[in-house]
Each structure stands twice: as C-alpha cells, then as structure tokens.
1. Output wanted: per-residue J couplings in Hz (rounded whole) for the range 132-146, from phi through Karplus 6.51 cos²θ - 1.76 cosθ + 1.60, θ = phi - 60°, x for Gly and Pro.
2. Which of the peptides 23-36, 42-55 is most tightly packed, and how do the rest follow, judged by the mean count of other Cβ atoms within 10 Å per residue?
3. Taking R0 as 30 Å, what's the FRET efficiency between GLU93 and GLU26 from their Cβ-Cβ distance, rounded to 0.05?
4. Could you tell me the ratio Rg/Rh of the range 2-163? Both radii from Cα atoms, Rh via Kirkwood.
5. Highest mean first, how do 140-146, 75-81 rank when packing is the count of other Cβ atoms within 10 Å averaged over residues?
6. At a Cα cut-off below 17 Å, give the lysines reachable from LYS167, other chains included and same-chain residues fewer than 8 away excluded.
7. Place a +1 charge on the Cβ of each Lys and Arg in the chain and a -1 charge on the Cβ of each Asp and Glu, then give the dipole magnitude about the Cα centre in debye, rounded to the nearest 20.
8. May I ask you to list the aspartates and glutamates whose Cα is less than 13 Å away from that of LYS60, ignoring any residue fewer than eight positions away on the same chain?
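Nothing in this text is a laboratory measurement; each read-out follows from the coordinates by a stated rule. It should be emphasised that the depicted structure is a prediction, and the values quoted were computed from it without experimental measurement. Ideal geometry is used to build each Cβ from the backbone, glycine not excepted, and the neighbour counts take in all protein chains shown.
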Amino acid sequence: MQTVQSRAEPGRPDAAEIERKYLIRELPSLKGVKGEAVLQGYLALDADGAEVRLRHIGEKYLETVKTGSGLRRGEFETAISKDQFDTLWPATEGKRLEKTRYELDYEQHSIYLDVYHGKLDGLKVAEVEFESEGDSHSFNPPPWFGKEITEEASYKNRSLATKGLPKSQG
C-alpha cells in the first residue's frame, strides 16, 4: 500500500486535519463544476472518535484512519487497490453513505460541497479545511452557507452512515 496523504504539519510528528463543516442554505451555481461520486463505508468506529473508513471516489480507492473529534483530528490516508477495496467493502454493510462531492474555490480556500443520496437524500454539507486553527477562526463563510455543524456529532459522516439523518433534518 502507498500512503497518499498525511496531514502532518512541519515540526509535528502527527497528521492532522483542521476542518469546519456547515449545512447549506441553498446550493450555489454549480455550472461548470464537475462532481465526483463518493461511496464511503466504515470498517471500525470507536467511542472516542477513532474510525477506519473506506472510500471510492473517482478512480481512487482509499483507506483512512481518523482519530479524535472536533476541529482538529488525526488523519492518515492510504491508497488501496480496487481488489483490496472490494474485499473489505462487505464489512461496511450497515455503515455506508453515498454522495456527490464538488470542489469550489472561495477566497483562498477550497470548499468541499457534499450532496448526499439514498437514505440521506436532501442533505447538503460543506467542509472547509484550514492550514491552522487561527486560519479557521478567521474564516467568513459565503452567504449560501447555513448553520455550522463542526461540533455536532449527529452530522459526522460516521453517524450519518450508521444512524441516518438527524431528527431535526429528517
């Protein structure tokens, strides 16, 4: 296996992602923006926030280990083969989601806009990743963003995959 992404910062031995998540009030124009289908399933979910996930996006097959919860999380992502993905995928039964992901530029940031399908149809969430926590605190979201859900456990992908839409949404 080949590691394709580790969110390690210079001088830090760990990998980290700093991310804020928002519900979407209304979809922006997606004219000319190509979305990618995402299949995502969970192999392991720990009560402390650790998880092992499989993802098929575009032509890529990935296994990701995430640790912690909240704004800053550990993240280690490894490319796997289609055969490895196909072998492990059945173990994610009952812990899956599907969505279309769009990447949009906004100021100096990339916004990952996820439009969910299947049992999560109608849910739209944006994720924005940051270089530092300070950068995340100074972020001014575009007007089409709605409520921030970074700290809301019911909107974590792991919860959506296992429990479905939060009661307030569904």
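1. 8, 5, x, 4, 5, 6, 8, 6, 10, x, x, x, 7, 6, x
2. Numbers: 23-36: 11.9, 42-55: 15.6.
Per-residue mean Cβ counts within 10 Å order the peptides as 42-55, 23-36.
3. Working: r = 34 Å, r/R0 = 1.14.
That pair, GLU93 with GLU26, gives E of 0.30.
4. Dividing the radius of gyration by the Kirkwood radius yields 0.94.
5. Values: 140-146: 14.3, 75-81: 16.7.
With the highest mean Cβ count within 10 Å placed first, the list reads 75-81, 140-146.
6. Output for LYS167: LYS119, LYS124, LYS147, LYS156.
7. On the way: 25 positive and 30 negative charges, 133 e Å.
Dipole of the chain, to the nearest 20 debye: 640 debye.
8. Hits, sequence-local ones excluded: GLU36, GLU77, ASP83, ASP86.
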